[in-house]
């Protein structure tokens, strides 16, 4: 029988995230004095907030002026303005979430208030440690209004310093990283070192190169767990997976099962079979009833963004997180089958739509082969 008996953990352990890191050597491989010199320890970490010369700041926070933000200063801001929130990380060009965590940080708007009055600011961009090699510099940006005018019922950019209740480990971009809730991972720069304010209106993300969409939001999409090579006839077959809940939310998850056509799962986007497909509902796992086993010790649900005072999610599934799902296939006759799953978002777009092109975020419909033996 193929049913998965081990419960899927709600939060991914930091060491279990799939890793997408840049740099040669990778910053999380540095040791001892080299690590300290890179300002990648809690004691040596500093954050500069500067202008590129086109924006006006009442004051800049700079290493050379000995007033760059340090960890005690960031934690002090966290005591006043800190927010805990759930977010799944996903790379723009990788078709699966990397892991889900409970992040804790300070809204970027509250960090930027440290520079006093500003003017002539149109965008904010930032970069992390890059081995002092200009060719390795990696940066991302958002509009200034996205930072300062995020409505109170939504999540804005954050300067994060905790993951699952503990300091962000170096391998996950600690001690401090940027986290952009609605965006793919390239916006959530690791090993944060500098924030720059600019009057330049042009998007200057490194990821704008190579035809990537630097403003792409997380897309709602279903992902299917691996399945055994064969199943026994007469046994209920349980297929499981997760769905990334993107900006447009999640209305339902559907599956399509048909006899194997001998193409090893290949099905062109314009194949007429898509129009004739019979999609059936999958079951979305409900919200945990006992959050005490799903959140870190000492974290109460009511203290997490998106939860009510009674400790229940205001929406489920929650945007920018993952939703486990399953379906039970009964009475399948011996033979080979093609199994596919897709999401339908709150705008009634069925995956993979809307997708103007692949570099705006991979969300192709996945396939699994199901073979039932006598």
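Every number in this text was worked out from the coordinates using simple rules, so none of it is lab data. All values derive from a computational prediction rather than experimental measurement. FYI the Cβ positions are ideal-geometry reconstructions off the backbone, even for glycines, and counts take in every protein chain you see.
Pop a pseudo-label 7 angstrom from the Cα along the beta-carbon direction at both residue 303 and residue 199 and give the gap in nm to one decimal.
According to this spin-label approximation, the distance is 4.4 nm.
For a test of the definition: using alpha carbon positions, the gyration tensor, and the 1.5 limit on a/c, classify segment 221-373 as rounded, prolate or oblate.
It comes out oblate by the Cα gyration axes.
Only Cα pairs under 8 Å and at least 6 apart count here; give the relative contact order of segment 221-373 as a rounded whole percent.
Relative contact order here is 42 percent.
Taking Cα pairs under 8 Å and at least six residues apart, what relative contact order does the chain come out at, in percent? Write out the running numbers ahead of the final one.
Values: 810 pairs, mean separation 71.8, N = 374.
Normalised by residue count, the contact order of the chain is 19 percent.
In nm, give the distance between the simple-model label positions of residue 91 and residue 211, each being 7 Å from the Cα along the Cα-to-Cβ direction.
The two pseudo-label positions are separated by 1.8 nm.
As an exercise, find the ratio Rg/Rh for segment 14-208 from alpha-carbon atoms, using the Kirkwood inverse-distance average for Rh.
That ratio is 0.93, to two decimals.
Convex hull volume of the Cα atoms in segment 36-139, per residue, in Å³?
152
Does anything in segment 22-44 have its amide N under 11 Å from the 7 Å Cα→Cβ label point of residue 63, and if so which residues?
Flagged as within label range: 37-40.
Give, in nm to one decimal, the length gained when the segment between residue 16 and residue 119 is fully stretched (0.36 nm per residue of separation minus the Cα-Cα distance).
32.8 nm
Could you work out which residue, out of 109, 59, 340, moves most in a Gaussian network model of the chain, that is, has the largest mean-square fluctuation with Cα springs under 10 Å?
Residue with maximal mean-square fluctuation among 109, 59, 340: 59.
Between residue 41 and residue 331, what is 0.36 nm times their sequence separation minus the Cα-Cα distance? Round to one decimal in nm.
Net length gain for the segment: 98.7 nm.
Under a plain spin-label model, where a point goes 7 Å from the Cα along Cα-to-Cβ, how far apart in nm are residue 373 and residue 283?
Taking the two extended label points, one gets 2.7 nm.
Separation of segment 316-371 and segment 275-313 by C-alpha centroid, Å?
Taking the Cα centre of segment 275-313 as reference, the centre of segment 316-371 is 19 Å away.
Given R₀ = 25 Å, what would the calculated FRET efficiency be for residue 251 paired with residue 312, taking r from the Cβ atoms and rounding to 0.05?
0.80
Find the centroid of the Cα atoms in segment 29-62 and in segment 111-154, then give the distance between the two in whole Å.
Result: 14 Å between the Cα centres.
Along each principal axis of its Cα atoms, how long is the chain end to end? Whole angstroms, biggest number first, please.
75, 44, 41
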